[in-house]
Amino acid sequence: MNVSEDGSLFNQSDDYSDYYNLEDLVSPCPHDNNQRTEMWVGPYVHSVICILGFLGNSLVILTYAFYKRTKSMTDVYLLNVAIADLLFVLSLPLLVYNQLSSWSMGSVACKLLRGSYSVNLYSGMLLLACISTDRYIAIVQARRSFRLRSLSYGRLICGVVWAFALLVSIPTFYFYDRYELSHNTFYMQGEGEQPENNQTSKPPQYVCEFRFNDSDVAKSVKLAVPGTQLAVGFFLPLAIMGFCYTAIIVTLMKAKNFQRHKAVRVVLAVVVVFIVCNLPYNLVLLYETISKFSEQSCQDSDTVQIAITVLQPLAYLHCCLNPVLYAFIGVKFRNHFQRIVRDLWCMGKKYMTPRRFSRVTSEMYVSSLRRSVDGSSDQGSSFTM
């Protein structure tokens, strides 16, 4: 059994003239220009994003795991953002593989890949909104910050964010599936011709995409999923960040601190990078969602797909910049990072020239490493703007 474009089931061995008027059939748009663009963007641009995102977010997680404990709400948010971004970039190679070749990893892997992509997307964006709210409370509502910015509250909020991201991703887990594209076989066969008699047919092509058995459900889900991604995954965080950072800039400009200009530049950099990376892609996604069920020429459809293919990596680039904007910009975090590099260098020298290190030297190194991990005197948040 196969699924037709309106969601109904039909037998591939039946005569197609029972379901369609063959003279009125039009082949799907080939999107040749978009396919050529994907062949360039997929392997190269996504590889760079994956490598940079993996290195940056791994360093943040490594710092929290071995050199700095989470002591504040800000630390909890930053650690969870790094985890979400790391899981996100690790899924990129499989997403590129799904775009460029036939999916051969089964239905379960398809659902897990697309579902985890959705969860990490929502959680990462919402956690950035939480960071802006945390900074708003710390600077604008400083008198109440000690009561509202506790470590337990931070962990609770992060748990709620992850649970909510999983909840809104349920349709993605459920409706994504692996299946064979039925129209590939359909358009390669003549009327009444059986697949086994067609000597020029290509091997079956499998995809990991939405699959529906009902046309009404298909229309609802194909509008609801990107609509939710736009509303919850972009416009809501954008509104929260816009309000919080505007109030922060106003408060900082009133302060008589000689470092206020540096803090304002940091805030502006966070906002500008967020908008530049995410706004173009989400605007194109909004246009595609609105025009999804309206008639378009193949050229217009191909142009929209090219825009999505080009602008999507720009949105993904934000995962690489988050460690720089939110973690490495802090002086104390940079000190921890320098300590990581120094300790890794010492460990490398130890294993490269083991005979030069005596047992006493090794014990002194381990003792100093423990003091560097456990002897931190940071109080409160170590990530100030």
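The values are calculated or read from the model by the stated rules, or taken from the named source; none is laboratory data. What you see is a predicted model, and the numbers here were worked out from it, not measured in a lab. Using ideal geometry, Cβ is built from the backbone for each residue, glycine included, and neighbour counts are taken over all protein chains shown.
Can you work out which of the residues in the range 30-76 that are of a type in the set (Val, Ile, Thr), under 15 Å from residue 310 (Cβ atoms) and under 20 Å from the mean Cα position of the chain (by Cα) is surrounded by the most Cβ atoms within 10 Å (Cβ to Cβ)?
We begin by selecting, within the range 30-76, every residue of a type in the set (Val, Ile, Thr); these are 37, 41, 45, 48-49, 51, 60-61, 63, 70, 74, 76.
Going one step further and asking which of them are under 15 Å from residue 310 (Cβ atoms), we end up with 37, 41, 45, 48-49.
Checking the rest, the ones that are also under 20 Å from the mean Cα position of the chain (by Cα) come to 41, 45, 48-49.
Numbers: 41: 18, 45: 18, 48: 12, 49: 20.
Among them, the one singled out is 49.
Could you grab the pairs with beta carbons closer than 8 Å, sequence gap of 6+ or different chains, first residue in the range 40-64 and within 16 Å of residue 338 (Cβ to Cβ) and in a helix (DSSP H, G or I), second one at pLDDT 90 or above and among the small types (Gly, Ala, Ser)?
Listed by first residue and then by second, the contacts come to 60/82; 64/82.
Count, please, the residues in the range 201-245 that happen to be touching a strand residue (DSSP E or B) at 6+ places or on another chain (Cβ under 8 Å), of a type in the set (D, E, K, R) and without any contact (Cβ under 8 Å) to a residue 60 or more places away in the chain.
Qualifying residue count, the range 201-245: 1.
Restricting to the range 283-302, name every residue that is part of a helix (DSSP H, G or I), out of contact with any His (no Cβ under 9 Å at 6 or more places or on another chain) and touching a residue at least 24 places away in the same chain (Cβ under 8 Å). Before the answer, list the steps.
The initial filter retains those residues of the range 283-302 that are part of a helix (DSSP H, G or I), namely 283-290, 298-302.
If we keep only those that are out of contact with any His (no Cβ under 9 Å at 6 or more places or on another chain) as well, we get 283-290, 299-300.
Selection gives 284, 285, 286, 288, 289.
Taking residue 142 as the residue in question, decide whether it is without any contact (Cβ under 8 Å) to a residue 24 or more places away in the chain and farther than 30 Å from residue 298 by Cα. Write out each step before concluding.
Values: without any contact (Cβ under 8 Å) to a residue 24 or more places away in the chain: yes; farther than 30 Å from residue 298 by Cα: yes.
In short, yes.
Could you run through the range 252-265 and say how many residues are surrounded by fewer than 16 Cβ atoms within 10 Å (Cβ to Cβ) and part of a helix (DSSP H, G or I)?
Looking only at the range 252-265, we keep the residues that are surrounded by fewer than 16 Cβ atoms within 10 Å (Cβ to Cβ), and these are 253-259, 261-262, 265.
So of that shortlist, the ones also part of a helix (DSSP H, G or I) come out as 253-254, 261-262, 265.
Looking only at that region, the number is 5.
Out of 323, 280, 313, which single residue is assigned to a helix (DSSP H, G or I), closer than 19 Å to residue 99 by Cβ and touching a helix residue (DSSP H, G or I) at 6+ places or on another chain (Cβ under 7 Å)? Step through it out loud before you land on a result.
On the way: 323 fails: closer than 19 Å to residue 99 by Cβ; 280 fails: closer than 19 Å to residue 99 by Cβ.
That would be 313, the only listed residue that is assigned to a helix (DSSP H, G or I), closer than 19 Å to residue 99 by Cβ and touching a helix residue (DSSP H, G or I) at 6+ places or on another chain (Cβ under 7 Å).
Taking the residues in the range 137-176 that are of a type in the set (S, T, N, Q) and assigned to a helix (DSSP H, G or I) as candidates, determine which candidate is surrounded by the fewest Cβ atoms within 10 Å (Cβ to Cβ).
Step one: of the range 137-176, the residues of a type in the set (S, T, N, Q) are 141, 145, 150, 152, 169, 172.
Imposing the further condition that a residue be assigned to a helix (DSSP H, G or I) reduces the set to 145, 152, 172.
Working: 145: 19, 152: 9, 172: 22.
Among residues in the range 137-176 that are of a type in the set (S, T, N, Q) and assigned to a helix (DSSP H, G or I), the one surrounded by the fewest Cβ atoms within 10 Å (Cβ to Cβ) is 152.
I'm trying to understand the selection: among the residues of the range 79-98, which are closer than 19 Å to residue 325 by Cβ and either in contact with a Pro (Cβ under 9 Å, 6 or more places away or on another chain) or without any contact (Cβ under 8 Å) to a residue 12 or more places away in the chain (or both)?
81, 82, 85
Among the residues of the range 208-231, which ones are surrounded by fewer than 18 Cβ atoms within 10 Å (Cβ to Cβ) and among the β-branched types (Val, Ile, Thr)?
Once the filter is applied, which keeps residues that are surrounded by fewer than 18 Cβ atoms within 10 Å (Cβ to Cβ) and among the β-branched types (Val, Ile, Thr), the range 208-231 yields 217, 221, 228.
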